[in-house]
1. Quick check on the stretch 156-167. Is at least one of its residues over 18 Å from ASN83 (Cα atoms), among the aromatic types (Phe, Trp, Tyr) and in contact with a Ser or Thr (Cβ under 7 Å, 6 or more places away or on another chain)?
2. What are the residue pairs meeting all of these: first residue in the stretch 33-56, first residue free of Cβ contacts under 8 Å to residues at least 24 places away in the same chain and of a type outside the set (Val, Ile, Thr), second residue assigned to a strand (DSSP E or B) and surrounded by 17 or more Cβ atoms within 10 Å (Cβ to Cβ), Cβ atoms under 8 Å, and 6 or more apart or on different chains?
3. Look at THR25 and say whether it is under 20 Å from LEU135 (Cβ atoms), of a type in the set (Val, Ile, Thr) and surrounded by 15 or more Cβ atoms within 10 Å (Cβ to Cβ).
4. Could you figure out which of (1) out of contact with any Gly (no Cβ under 6 Å at 6 or more places or on another chain); (2) crowded, with 21+ Cβ neighbours inside 10 Å; (3) not charged (D, E, K, R) isn't true of LEU37?
5. Those residues that are β-branched (Val, Ile, Thr) and within 21 Å of SER16 (Cβ to Cβ), I need them from the stretch 34-61; list them, please.
6. Provide a single number: the residues in the stretch 1-40 that are modelled with pLDDT of 90 or more and part of a helix (DSSP H, G or I).
7. Of these, TRP144, TRP130, TRP171, TRP99, which one is surrounded by fewer than 16 Cβ atoms within 10 Å (Cβ to Cβ), modelled with pLDDT under 75 and aromatic (Phe, Trp, Tyr)?
8. If GLY118 meets every condition in (1) closer than 23 Å to PHE54 by Cα; (2) at pLDDT 95 or above; (3) in contact with a Pro (Cβ under 7 Å, 6 or more places away or on another chain) apart from one, which number is that one?
Amino acid sequence: MNTFPRQRIVVIGATSSGKSTLAQTLAEKFNLDYIELDALFWEPNWKEADVQAFRERVRSATHSQVWVVAGNYHKVRDLIWPNAQTIIWLDYPLPTIFWRLLKRTIRRATSQKELWNGNRETFWGHLKIWSAESLFHWLFKTYWRRKREIPILFSMPEHQHLHIIHFKHPWETEDWLASI
């Protein structure tokens, strides 16, 4: 697992699984462009980008030959996966993800750190689990669907060129990172 294609990598997983953190680490380690799909998708005031604008941003960002992408957006998968060499799937247990999301939400809400395009997270918005504003809502909406869909995507003929690295626990990811 230590030898894998390292020029065009995609890191996927549930919200708060650590996609961005791992992608940034790999970008620094291998001198790759770091591309965070959330930064290309979210406009100011948490407005979703127009699909064509989002696709154009992704097309432009992945134009170079060396990059690591953090994110799962199906709207641009057809632009990213055909050019990718390696996909790293952070497939952690739901309690692990939930705990990470809770800690991250509290940290971001209290620090009010700007994320993308002036956007900041609020704690109360996420507590409204019934609302599409809540990342907890998003987690419960997408977690099991992704666990079913991702293996199917990996088995498709157009994705056979991809080197798949599948981590089921954060310690596996940490051990792997330490070994490369």
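The values are calculated or read from the model by the stated rules, or taken from the named source; none is laboratory data. Computed from a prediction, not measured in an experiment: that's the story for all the values here. Using ideal geometry, Cβ is built from the backbone for each residue, glycine included, and neighbour counts are taken over all protein chains shown.
1. Yes; the residues of the stretch 156-167 include at least one that is over 18 Å from ASN83 (Cα atoms), among the aromatic types (Phe, Trp, Tyr) and in contact with a Ser or Thr (Cβ under 7 Å, 6 or more places away or on another chain).
2. Every condition considered, the pairs that remain are GLU48/TRP42; ALA49/TRP42.
3. Considered against the rule, which asks whether it is under 20 Å from LEU135 (Cβ atoms), of a type in the set (Val, Ile, Thr) and surrounded by 15 or more Cβ atoms within 10 Å (Cβ to Cβ), THR25 comes out as no.
4. Only one criterion is unmet by LEU37, namely (1).
5. Step one: of the stretch 34-61, the residues β-branched (Val, Ile, Thr) are 35, 51, 58.
Listed by number, the list holds a single entry, ILE35.
6. Counting residues in the stretch 1-40 that are modelled with pLDDT of 90 or more and part of a helix (DSSP H, G or I) gives 14.
7. The conditions single out TRP130.
8. (2)
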